[in-house]
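A quick write-up on the structure given underneath.
The values are calculated or read from the model by the stated rules, or taken from the named source; none is laboratory data. All of these numbers come straight from a predicted model, not from anything done at the bench. When we count neighbours, we look across all protein chains shown, and the Cβ atoms used for this are built from the backbone with ideal geometry, even at glycine.
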Amino acid sequence: MEKEKRLINRISIIPEPVKISLKEGKFFINTETIILSDSRLIDNAEFLKNLLSPATGFSLAIKDISQKEKERNIITLRIIEDNINLKLEGYILEITLNEVNISALTPTGVFYGIQTLRQLLPPEIESANIKNLKWSMPCLKIEDYPRFKWRGFMLDEARHFFGKEIVKRTLELMAFLKLNVFHWHLTDDQGWRVEIKKYPLLTEIGSKRKGTFSVEARGKMDGIPVSGYYSQEDLKEIIDYAAARHIVIIPEIDVPGHVTAALASYPEFSCTGGSFEVSPRFGIHKEVLCVGKDNVFNFVQNILNELIKIFPSEIIHVGGDEVKKRRWKKCPECQTRMKTEGLESEDDLQTYFTNRIANYLSSRGRRLMGWNEILNENLDNSAICHYWTNNFDKVLEQARNGRNIIMSERTAVYLDYPHELTPLERTYEYDPMPNELEEKYREQIFGLEGLLWSEHVPNVKRLDWQIFPRLIAIAETGWTPKKRKDFNSFQKRLEIYLKRLDFHNINYAKKEEIIKQ
Ligand code: ACM
Ligand code: ZN
């Protein structure tokens with residue numbers, strides 16, 4: 001028992017796996033180790049080889065799994081078809097004295113097995129320079145699969161633009177945490193960050209602002225221009241990069257509010273005609289798309305057409321949060337629309353807008369997702385609700401009516417909030433599955449997302465500092481069975497995990513910095 005405890009203490013994996021059985025002995029990776037791979041898993045085999053190479057200096061041979069009989073020190077990657085208990089993203093990792101075996105129903109499962117294997121090696125495996133260490137792993141068997149199918153992170157690049165390399169680095173870190181959804185907030189009042197060929201002004205004008213009225217500038221205009229956007233070629237490159245790490249990218253085009261940058265480019269789609277500038281201010285803006293004008297629907301649909309061509313994800317996020325109704329109340333065209341459609345309120349006008357877009361996306365084989373403000377009794381059934389604040393009862397009611405929901409409770413998983421306000425323990429203990437929700441409706445809750453709004457996050461150092469370590473806690477909530485979660489155990493494992501992040505120069509928030517903050 002004592003011995004088993006000691007052995008268990010040497011194993012430190014995040015997210016905590018479903019089941020670990022320890023055995024005696026160790027497996028050593030050395031220059032002779034061979035990766036034997038199913039032909040469907042060649043990408044995984046290459047990923048593993050490239051993962052091990054910088055720190056070990058080994059360039060491991062990859063061979064077809066049919067050659068197994070002849071080999072001694074081997075890592076096998078295989079697809080199995082006969083384990084019904086294993087979920088689609090699950091894996092079995094077995095380590096004996098001579099063999100490491102990762103098996104799964106899908107390449108994604110094998111990929112996650114590799115991410116776990118990585119954490120059974122010393123933290124120095126993350127180093128970019130050759131270390132002279134013995135690369136051993138304890139003999140064991142791990143059976144593992146995720147609690148939720150949606151384990152996400154959202155990055156807002158409208159308020160500040162980070163660019164391709166930082167996004168790739170983020171995706172890399174997400175994969176390490178077995179996170180599988182990258183929600184990309186690409187447009188807002190302060191910037192439009194995605195090339196749309198039919199509307200070139202969206203980026204020519206909409207991607208540039210002259211400065212920012214910010215807390216950092218004591219409420220004054222700082223005069224520091226912010227600009228940047230992704231070309232469609234960039235987007236394809238990043239989508240491929242994410243796919244290789246088993247991450248789906250959900251783009252978000254926020255409409256009909258949060259559109260000042262779009263209206264600065266095309267004021268004719270507003271209620272008033274403009275003019276507007278890309279906003280240097282944060283907070284909720286009054287400008288919205290005019291729902292009375294038919295060409296506004298053409299505008300949104302043409303944008304979606306280009307996105308659909310690039311993004312393979314079934315789900316497209318169209319925002320819908322914090323829509324001020326003042327413009328619609330005064331706009332003759334919006335008021336005419338309400339009359340002809342028999343809509344009683346401006347809230348109903350927003351639902352009319354959302355449903356038209358939802359139907360359009362459905363006609364193209366896609367699905368709409370929006371923030372919880374889109375909820376309304378007449379909202380199209382296909383629309384997915386992204387919960388962030390208020391009206392939680394409505395969310396429960398909608399889940400009971402069959403609505404699919406992603407959870408991002410503002411007071412728990414908003415990673416831009418100060419650590420003081422939302423400490424690591426609060427984030428860790430947040431459970432996206434509402435206690436009140438009856439068992440039979442629980443599958444309506446797809447999972448959770450941590451969000452990073454970037455108003456006060458101007459660079460990657462600050463980005464790291466806000467995200468980590470809280471995103472690590474979110475990853476464990478998304479993956480680990482609730483009954484296996486334990487904050488004390490997490491904190492111990494986190495110390496080791498952070499040593500791994502040190503090798504990637506991640507500027508995570510340290511305990512002493514959080515206290516001083
Ligand atoms: C939000 O924070 N406005 C979704
Ligand atoms: Zn209008």
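Of note:
- Breaking point among (1) without any contact (Cβ under 8 Å) to a residue 60 or more places away in the chain; (2) of a type outside the set (Phe, Trp, Tyr); (3) within 21 Å of residue 104 (Cα to Cα); (4) surrounded by 14 or more Cβ atoms within 10 Å (Cβ to Cβ), for residue 67: (4)
- Qualifying residue in the stretch 369-384 (condition: away from ligand 1 (no atom under 16 Å from the Cβ), free of Cβ contacts under 8 Å to residues at least 24 places away in the same chain and either among the charged types (D, E, K, R) or in contact with a Cys (Cβ under 6 Å, 6 or more places away or on another chain) (or both)): yes
- The set of residues in the stretch 76-120 that are farther than 16 Å from residue 137 by Cβ, free of Cβ contacts under 8 Å to residues at least 40 places away in the same chain and crowded, with 17+ Cβ neighbours inside 10 Å comprises 103, 104, 105, 106, 109.
- Residue count, the stretch 268-283 (criterion: surrounded by 12 or more Cβ atoms within 10 Å (Cβ to Cβ), in a loop (DSSP other than H, G, I, E, B) and either among the acidic types (Asp, Glu) or within 16 Å of ligand 1 (Cβ to nearest atom) (or both)): 4
- Those strands (runs of 3 or more DSSP E) lying entirely in the stretch 94-213 with at least 2 residues aliphatic (A, V, I, L, M): 99-104, 135-144, 150-156
- Scope the stretch 340-368; condition assigned to a loop (DSSP other than H, G, I, E, B) and small (Gly, Ala, Ser); matching residues: 342, 345, 365
- Entirely in the stretch 369-464, the helices (runs of 4 or more DSSP H) that have 3 or more residues that are more than 20 Å from the chain's Cα centre (by Cα) and within 22 Å of residue 189 (Cα to Cα): none
- Tally of residues being surrounded by fewer than 17 Cβ atoms within 10 Å (Cβ to Cβ), outside any loop (DSSP other than H, G, I, E, B) and touching a helix residue (DSSP H, G or I) at 6+ places or on another chain (Cβ under 8 Å) across the stretch 40-61: 2
- The single residue among 305, 298 that is more than 16 Å from ligand 2 (Cβ to nearest atom) and either at pLDDT 95 or above or within 26 Å of residue 174 (Cβ to Cβ) (or both) turns out to be 305.
- Among (1) within 16 Å of ligand 1 (Cβ to nearest atom); (2) of a type in the set (S, T, N, Q); (3) free of Cβ contacts under 8 Å to residues at least 60 places away in the same chain - the single one residue 408 does not satisfy: (3)
- For residue 176, the conditions (1) surrounded by fewer than 23 Cβ atoms within 10 Å (Cβ to Cβ); (2) touching a Gly at 6+ places or on another chain (Cβ under 6 Å) are fulfilled apart from (2).
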